[in-house]
Amino acid sequence: MSLAVRFSEYGTPDVLRVVDVPPLTAGPGEVRLAVRAAGVNPVDWKILSGGMRRMMPLDLPGGLGSDVAGVVDQVGEGVTAFAVGDEVLGASVTPSYARSALADPAALVARPASVPWEVAATLAGTGITAWQVLDELQVAEGETLLIHAAAGGVGTFAGQVALARGARVIGTAGQRNHELLRSFGVEPVTYGTGLVDRVRAVSPRGVDAVLDASGRGEIPDSIELAGGPERVLSLVAFDAADTGIRIHTTEPGAGGPEALGGILDLIGEGRLRVPVAGTYPLERAAEALAVSRAGHLSGKLVVVPA
């Protein structure tokens, strides 16, 4: 038997349990991983709450997590990209809050020895999303990008990647995260009433593009600052699609290897830092979800199935 986090009913994090589960077997085209770390994302507690059951129906009992870093310990028929003993990171096809998970080799890349397990487990979901939205917005050298929730999971990646591409980045965040943003090279502004004036105080002509990762209602301000909706993209404001802005959606791990390769290059060059705000054993996964749900984090959360 193996251990995994499971829930038999939708609800708050206290419905989570660590249980014995039958061992997984890698099928054709799959690898099995001994999980060293699993990234915690907001989508995890949204799934747990039942808020996404129409979009992502589950057969209960269910599990959580798709961001993963681990060691290949079984290879299915037809797999040639990885071998037993390889250290990898990416997205899993079975829940990653567990000691063992299955993955599609196409959604994995090799883990550089210089990247700690806890950091490796945070890269797939938010890192890939950040890379993709910057491509979608076509953020170019010399342009100014405004990021809402710039100290959040996607925001911290997007800000640093955009800076590495030669853009100027302004980011909204609570006051307590302003120093973190400055340490990345992002210019912080406080969100809320008067946002347009605060952004224009540091960028009088407005901005070239906007990434909304907060969903706090800044879409009208974003359109005004960008001079129209064409280069305003939201990850969360689905109800604002009729304003003409872009809504980004993607499958977990889609386009992963290319984006992850670029992210790992930036980490290796010292141009991208991934702060980890907390690590939790499987037995404290509920605590990790509660902290994630409370928000206002200054780094990623990770479950470590020791």
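Checking the stated criteria, E9 turns out not to satisfy the condition of being in contact (Cβ under 8 Å) with a residue 24 or more places away in the chain, surrounded by fewer than 16 Cβ atoms within 10 Å (Cβ to Cβ), within 28 Å of P257 (Cα to Cα) and in the same structural domain as T94 (by TED's automatic domain parsing).
Looking only at residues in segment 178-211 that are under 22 Å from the mean Cα position of the chain (by Cα) and in a loop (DSSP other than H, G, I, E, B), the one that is farthest from V276 (Cα to Cα) is Y191. Applying the set (1) in a loop (DSSP other than H, G, I, E, B); (2) of a type outside the set (V, I, T); (3) surrounded by fewer than 19 Cβ atoms within 10 Å (Cβ to Cβ) to A151 leaves exactly one unmet item: (3).
R32 meets the stated requirement of being modelled with pLDDT of 95 or more, part of a strand (DSSP E or B) and closer than 23 Å to P116 by Cβ. In segment 160-177 there is at least one residue matching the filter, namely being touching a residue at least 12 places away in the same chain (Cβ under 8 Å), part of a helix (DSSP H, G or I) and loosely packed, with under 15 Cβ neighbours inside 10 Å.
Can you tell me which residue is nearest to the chain's Cα centre (by Cα) among those in segment 214-247 that are at pLDDT 80 or above and within 14 Å of V139 (Cβ to Cβ)? The qualifying residue nearest to the chain's Cα centre (by Cα) is L233.
Table: residues versus (1) crowded, with 24+ Cβ neighbours inside 10 Å; (2) assigned to a strand (DSSP E or B).
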{"position": "R53", "(1), (2)": "no, no"}
{"position": "D59", "(1), (2)": "no, no"}
{"position": "A69", "(1), (2)": "yes, yes"}
{"position": "D73", "(1), (2)": "no, yes"}
{"position": "G85", "(1), (2)": "no, no"}
{"position": "V88", "(1), (2)": "no, yes"}
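The sole residue among T193, T129 that is closer than 30 Å to R284 by Cα and among the hydroxyl-bearing types (S, T, Y) is T129.
The values are calculated or read from the model by the stated rules, or taken from the named source; none is laboratory data. Just so you know, these numbers come straight off a predicted model, no measurement behind them. FYI the Cβ positions are ideal-geometry reconstructions off the backbone, even for glycines, and counts take in every protein chain you see.
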